[in-house]
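Just below is one structure, and these are the notes that go with it.
The values are calculated or read from the model by the stated rules, or taken from the named source; none is laboratory data. The model shown is predicted, which means the values in this text are computed figures rather than measured ones. No Cβ is skipped: glycine too gets one built from the backbone with ideal geometry, and neighbour counts run over all protein chains shown.
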């Protein structure tokens, strides 16, 4: 059975050479004017997502 990559999820993540899955933190698109610059920059960093190998195969097959 051929499984397809979940493209909507694959577009939102980045996979590093070592296989880590990095996600963008939510809530950085708007309502940033009142926040300090340092908190804006902290939100810009990515967070690591822990996934089982089965989930990686299901969602990130072609990535």
Selection from the stretch 20-38 of residues under 16 Å from residue 49 (Cβ atoms) and out of contact with any helix residue (DSSP H, G or I) (no Cβ under 8 Å at 6 or more places or on another chain) yields 20, 22, 23, 24, 26
Helices (runs of 4 or more DSSP H) (entirely within the chain) containing at least 1 residues that are at pLDDT below 85 | 7-10, 53-59
